Amino acid sequence: MLDILGAALIGLGTVFFVAGTVGLLRFPDIFCRLHALTKADGLGLALIALGVALMADGAGDVVRITLIWFFVAVAGATCGHLIARYARRAMPEGRHD
Amino acid sequence: MRQTERLIDTTPTPARSGGSVITIDTATPAGAARGRRFLTMAVVLLVIWAALTDFRPDALVFGLPAVLAGAGLVFLMPTSPRWRLSLRGAPGFVLWFVAQSVRGAVDVAWRAFAPQMPLRPGFRRYPMALPAGAPRVLFLNTVTLLPGTLSAELAGDSVVVHMLDTRADLAADLNALEARVAALFALT
């Protein structure tokens, strides 16, 4: 039962990863693409981590999966901000705001 | 420890006195504050290392130097203002955080898959009321998870937010987020 639920969560997570990739390819500029990567992939990873945690053998694995999710989530949001800041400063004047 | 509201102290610097607030001390020299932070960080890193290695004692051959080096970084970084977490505000924040990140991801996934790709992107400036330090960092990182908003750049006490649809009510969303962060850090 837990395996079925875990597999369903992993499947749903990959849908969000696909959505993030589609956004990366289709969205018009770097800022919109960052939205797709930070948000869709973030939830995709969370769902996959949850699914894998349900199938995990022991508490140690669950803790390690949680740590992976936490650090990727923090790094994703921080890197998104840093890339956006760099892109804004590289933009020609007059396009700001 | 009072039952109504328990608070986690992290960085010890001047304390605020309040009925439901537990503080460690009132005035600490910067050196002692750094030493306290070093110990806190070392304990956190040691727990993470233990979890990663399934509490194998022989793994500490590598773990102890790594923990000491990692915790030693607090001496290289500027001290940030102290912060405390409100255990009463935490469950509400976590639930809201989960709901918002699901909403944000579904929103952007829908826009990516939609044939016409409904976007009206642009930048908006938002003045932050939260104090600098950990509350502001959490706020900025969470803005990126909200539907249609991305924290793009800091400008003094304002944040430049990139929006997928500039017709959305930015101020209302970010005011709500600031209130949640303030509750989490026992600032209200």
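The values are calculated or read from the model by the stated rules, or taken from the named source; none is laboratory data. Only a predicted model underlies this, so the values are computations on that prediction, with no experimental measurement involved. Backbone-built Cβ (ideal geometry, glycine too); neighbour counts: all protein chains shown. Note: areas computed on protein heavy atoms with side chains; ligands, DNA, RNA excluded. Shrake-Rupley method; radii C 1.70, N 1.55, O 1.52, S 1.80 Å.
Any residue at all in region B:72-88 that is of a type in the set (Gly, Ala, Ser), modelled with pLDDT under 90 and touching an Asp or Glu at 6+ places or on another chain (Cβ under 7 Å)?
yes
Could you count how many residues in region B:83-105 are open to solvent by 20 Å² or more (accessible area, probe 1.4 Å) and either more than 8 Å from chain A (Cβ to nearest Cβ) or not in a helix (DSSP H, G or I) (or both)?
The qualifying residues number 15.
When only residues in region B:149-166 that are open to solvent by 10 Å² or more (accessible area, probe 1.4 Å) and of a type outside the set (A, V, I, L, M) count, which is farthest from the other protein chains (Cβ to nearest Cβ)? Walk me through how you get there before you give the answer.
Let us first name the residues in region B:149-166 that are open to solvent by 10 Å² or more (accessible area, probe 1.4 Å), namely B:153-158, B:165-166.
From what's left, of a type outside the set (A, V, I, L, M): B:153, B:156-158, B:165-166.
Working: B:GLU153: 5, B:GLY156: 14, B:ASP157: 16, B:SER158: 11, B:ASP165: 10, B:THR166: 11 Å.
Applying the filter and picking the extreme gives B:ASP157.
When the residues of region B:124-145 are filtered to those that are more than 16 Å from A:ALA75 (Cα to Cα) and facing another protein chain (nearest Cβ under 10 Å), which remaining residue is most open to solvent (accessible area, probe 1.4 Å)?
B:ARG125
Only one residue in B:LEU45, B:LEU68 is open to solvent by 60 Å² or more (accessible area, probe 1.4 Å), modelled with pLDDT of 90 or more and not β-branched (Val, Ile, Thr). Which one?
B:LEU68
Looking only at region A:16-36, count how many residues are within 21 Å of B:ALA99 (Cα to Cα) and facing another protein chain (nearest Cβ under 9 Å).
7
Taking B:THR79, is it crowded, with 20+ Cβ neighbours inside 10 Å, β-branched (Val, Ile, Thr) and under 30 Å from B:TRP49 (Cβ atoms)?
no
Return the total of residues in region B:108-123 being surrounded by 18 or more Cβ atoms within 10 Å (Cβ to Cβ) and either of a type outside the set (Phe, Trp, Tyr) or under 21 Å from A:ALA19 (Cβ atoms) (or both).
Number of matching residues: 5.
In region A:23-40, which residues are among the charged types (D, E, K, R), open to solvent by 30 Å² or more (accessible area, probe 1.4 Å) and in a helix (DSSP H, G or I)?
Of everything in region A:23-40, those that are among the charged types (D, E, K, R), open to solvent by 30 Å² or more (accessible area, probe 1.4 Å) and in a helix (DSSP H, G or I) turn out to be A:ARG26, A:ARG33.
Check B:ARG111, B:ARG56 and return the single one that is in contact (Cβ under 8 Å) with a residue 40 or more places away in the chain and not hydrophobic (A, V, I, L, M, F, W, C).
When all the criteria are applied, what remains is B:ARG111.
Only one of (1) open to solvent by 40 Å² or more (accessible area, probe 1.4 Å); (2) touching a helix residue (DSSP H, G or I) at 6+ places or on another chain (Cβ under 6 Å); (3) at pLDDT 95 or above fails for A:ALA7. Which number is that?
Of everything listed in (1) open to solvent by 40 Å² or more (accessible area, probe 1.4 Å); (2) touching a helix residue (DSSP H, G or I) at 6+ places or on another chain (Cβ under 6 Å); (3) at pLDDT 95 or above, A:ALA7 misses just condition (2).
Out of all the residues in region A:3-22, is one or more touching a residue at least 24 places away in the same chain (Cβ under 8 Å), part of a helix (DSSP H, G or I) and polar (S, T, N, Q)?
Yes, region A:3-22 contains a residue that is touching a residue at least 24 places away in the same chain (Cβ under 8 Å), part of a helix (DSSP H, G or I) and polar (S, T, N, Q).
Please find, among A:LEU54, A:LEU47, A:LEU82, the residue that is over 23 Å from B:TRP110 (Cβ atoms) and in contact with a Leu (Cβ under 6 Å, 6 or more places away or on another chain).
A:LEU54
If we scan region B:30-42, do we find a residue that is open to solvent by less than 50 Å² (accessible area, probe 1.4 Å), in a helix (DSSP H, G or I) and within 14 Å of chain A (Cβ to nearest Cβ)?
Taking every residue of region B:30-42 in turn, none turns out to be open to solvent by less than 50 Å² (accessible area, probe 1.4 Å), in a helix (DSSP H, G or I) and within 14 Å of chain A (Cβ to nearest Cβ).
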